[in-house]
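These notes concern the structure reproduced below.
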Amino acid sequence: MPENELTAIADAVQRAKSVAIFTHARPDPDAIGSQVGAALMLAAMGKQVSVMCLPPIPQPLQFLLNMLPQSCTEYTPEKASGISADRILVVDTSARQQLEPASAFLESCASKALILDHHISGDLNHDLIYRDTSAAACVEIVAHLGELLGVALSKPMATALLAGLVGDTGWFRFDSVTPRTHEIAAKLLAAGASPSELWGRLMQSERKSKLVLLSHAVGRINFYAQDRIAAMELSNQDIAQAQAETWETEGLIDIPMMVGSVVCSVFLSETPEGKIRASLRSKHTVDVNEVCRKFGGGGHARAAGCRLPGPLHSARDTLVKALELQLG
Ligand SMILES: [Mn+2]
């Protein structure tokens with residue numbers, strides 16, 4: 001991706017007086033970290049910034065939003081239409097499916113939309129996009145944008161960006177990690193971000209219900225293809241029984257990956273609209289982005305997602321079949 005696209009976005013941001021920042025639904029640390037990092041940078045430049053969120057927001061990420069000068073706005077069509085920002089900035093996604101229920105609104109302001117993304121594909125219309133699939137996290141791009149804008153990193157900015165970096169790299173262990181990832185981390189630490197503080201906030205702040213849910217989830221794992229595929233499914237009833245919230249399913253997908261034979265892990269849950277949300281992770285041999293694209297989703301080679309018709313077991317069977325083909 002030519003760097004001048006990012007320069008063009010920096011120019012557009014410079015000229016804007018007000019910017020509204022969006023990210024994908026079911027936000028993760030990279031999504032919120034990119035949003036908060038960018039919002040704090042723009043605020044430091046004297047811009048009027050609004051941060052729009054698509055709930056539910058995982059409780060362990062709330063502390064990042066609390067660093068904003070103004071609290072984030074939960075998206076509704078009414079609140080969005082009240083925004084009169086010069087520019088709309090979308091971070092960590094460019095896929096309409098990931099932006100529901102805000103995609104129609106975002107399409108309606110495509111002429112002022114700027115996108116920063118590190119995913120392979122996306123279909124959201126825009127004025128300018130900077131897509132860098134070599135970035136391990138979207139916050140790498142936001143950090144770069146901050147440099148182009150000449151913003152000095154504050155501790156809150158650095159903390160938000162480091163949250164995204166550790167979130168999307170599994171604390172620097174995925175094969176997406178590059179020397180640049182660590183160079184950016186070094187700058188963030190120099191600006192005051194604390195890995196141990198972040199570990200406590202992100203990894204040791206769950207509610208007891210998370211552990212109850214986890215114990216349910218472990219009992220809901222099925223193995224296929226000589227134990228190379230693990231599929232875990234949780235119904236809304238399972239989640240309710242654990243007295244948990246839907247955002248507390250985050251991270252459960254990684255559990256089957258501890259098994260040596262497993263090369264691909266699938267996690268299936270129900271959406272409020274009665275569809276099945278599928279998340280996929282893989283080790284080295286399987287391209288799960290390829291599989292998810294067959295169902296209108298996408299992501300990265302090692303982490304991707306899509307939506308399928310219900311019920312849970314038929315969605316699972318469909319995906320397992322597609323994965324078996326991919327595994328050969
Ligand atoms: Mn990301």
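Details
- For the range 201-217, putting each phi into the Karplus relation 6.51 cos²θ - 1.76 cosθ + 1.60 with θ = phi - 60° gives couplings of 5, 8, 10, 10, 10, 6, 8, 4, 4, 4, 5, 5, 4, 4, 5, 4, 4 Hz, in residue order, rounded to whole numbers and with x for Gly and Pro.
- Distances between placed amide hydrogens fall under 5 Å for V51 paired with I21, T73, all partners being 5 or more residues away or on another chain.
- Flagged links, alpha-carbon separation over 25 Å, of K79/K155; K210/K321; K79/K210; K17/K79; K210/K275: K79/K155; K210/K321; K79/K210
- Among S314, S94, sorting on how many other beta-carbon atoms sit within 10 Å of each Cβ, with the fewest leading, yields S314, S94.
- With Cα atoms defining each centre, the range 1-43 and the range 164-231 are spaced 23 Å apart in the structure.
- For the range 274-279, putting each phi into the Karplus relation 6.51 cos²θ - 1.76 cosθ + 1.60 with θ = phi - 60° gives couplings of x, 8, 10, 9, 10, 10 Hz, in residue order, rounded to whole numbers and with x for Gly and Pro.
- Ratio of the Cα radius of gyration of the chain to 2.2 N^0.38 Å, where N counts its residues: 0.97
- Degrees between helix 312-327 axis and first principal axis of the chain (Cα, 0 to 90, nearest 10): 90 degrees
- Distant-in-sequence amide H partners of V90 (H built 1.01 Å from N, under 5 Å): F22, L114, I115, L116
- Candidates A137, A242, A38: whichever shows maximal mean-square fluctuation once the chain is modelled as a Gaussian network with Cα springs under 10 Å: A242
- The slack between A110 and M203, meaning 0.36 nm per residue of separation minus the straight C-alpha distance, is 29.8 nm.
- Backbone geometry of the range 102-108 corresponds, through the Karplus equation with coefficients 6.51, -1.76 and 1.60 at θ = phi - 60°, to 3J(HN,Hα) couplings of 9, 5, 5, 4, 5, 4, 5 Hz, x marking Gly and Pro.
- Helix-only [θ]222 nm of the chain, DSSP H runs n ≥ 4, -39500 (n - 2.57) each, per residue, nearest 500: -12000 deg cm²/dmol
- Those aspartates and glutamates that a straight Cα-Cα span of less than 16 Å connects to K47, excepting residues fewer than 8 apart in one chain: D11, D86
- Compactness of the range 208-327 - radius of gyration and Dmax, Cα, Å: 13.3, 39
- Taking M67, M258 and counting other C-beta atoms within 10 Å, the order from fewest to most: M258, M67
- Taking S205, S279 and counting other C-beta atoms within 10 Å, the order from fewest to most: S205, S279
Bear in mind these aren't lab numbers, they're just calculated from the coordinates by the rules spelled out. Since the model is a prediction, treat every value here as computed from it, not as a measurement. Please note: Cβ atoms are built from the backbone with ideal geometry, for glycine as well, and neighbour counts cover all protein chains shown.
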